[in-house]
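Right, one structure below, let's go through it.
The values are calculated or read from the model by the stated rules, or taken from the named source; none is laboratory data. As the structure is a prediction and not an experimental result, all values here were calculated from the model. Quick reminder, even Gly has a Cβ in these numbers, built from the backbone with ideal geometry, and neighbours come from all protein chains shown.
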Amino acid sequence: MPVVYARIPEDRVGVLIGPAGRTRRAVAEATHTTVEVDAEEGEVTVSGPDTDPISVLKARDIVLAIGRGFSPARAMRLLKDNTFLGIVDIKLATGHREKAALRRIRARVIGTAGRARARIEELSGCSMSVYGSTVALIGEEDQLERATRAVELLLRGSEHATVFHLLARLRRDAAVEEATSDGDGSAEPD
């Protein structure tokens, strides 16, 4: 029986458990696993059948996403195939460790009234959460690549407009690439 462990912040344990344990049960049922939560320590144990180790990893990622600030509904996006969780550590990306700098950089990624975060989500297709000293992203592989690149550029001080233009261009390029790969490469006669 595969078993994995995760630790989430104590202030997110209640969100993971949910009212009367509903969220924890929903994660366990959706992934066909057992999810046990130590509410005092923030430690979570996920176990599942030997026949489906991927479901254990999906459950763990959902738990980690909730721990990084996602709502349970948004974290459940990880149930889809080819959808992954990515986490960018603001401290590692910037080298800043003091609280004032961390607050300023977090505010830069979120933007006024959350507009920068919303724009990154819109242009990349990822869901995004800024919590503590991390930026968590949920999306497909190509979406994660685009969003991670955008977040890292903002963390390094790039202008918002420059980052948004880059994301728009990357999204257009991906759409063109997808449209050309959908065909078999041959043109049909008129």
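Some points to look at:
- Flag for residue 63 being at pLDDT 95 or above and more than 21 Å from residue 125 (Cβ to Cβ): yes
- Members of the stretch 66-113 found to be within 30 Å of residue 31 (Cβ to Cβ) and polar (S, T, N, Q), listed by number: 71, 82, 83
- Test for residue 78: is it touching a helix residue (DSSP H, G or I) at 6+ places or on another chain (Cβ under 9 Å), more than 30 Å from residue 159 (Cα to Cα) and among the hydrophobic types (A, V, I, L, M, F, W, C): yes
- Criterion: under 23 Å from residue 132 (Cα atoms) and either surrounded by 15 or more Cβ atoms within 10 Å (Cβ to Cβ) or in contact with a Ser or Thr (Cβ under 9 Å, 6 or more places away or on another chain) (or both) - qualifying residue of 65, 26: 65
- Hits in the stretch 135-146 (condition: surrounded by fewer than 19 Cβ atoms within 10 Å (Cβ to Cβ) and either touching a residue at least 24 places away in the same chain (Cβ under 8 Å) or in contact with a His (Cβ under 7 Å, 6 or more places away or on another chain) (or both)): 140, 141, 142
- Of all residues in the stretch 12-23 being touching a residue at least 24 places away in the same chain (Cβ under 8 Å) and among the hydrophobic types (A, V, I, L, M, F, W, C), the one that is surrounded by the fewest Cβ atoms within 10 Å (Cβ to Cβ): 15
- Selection status of residue 60, basic (Lys, Arg) and either in contact with a His (Cβ under 6 Å, 6 or more places away or on another chain) or in contact (Cβ under 8 Å) with a residue 12 or more places away in the chain (or both): yes
- Here is the figure for the stretch 32-59: residues that are surrounded by fewer than 21 Cβ atoms within 10 Å (Cβ to Cβ) and not in a strand (DSSP E or B) total 13.
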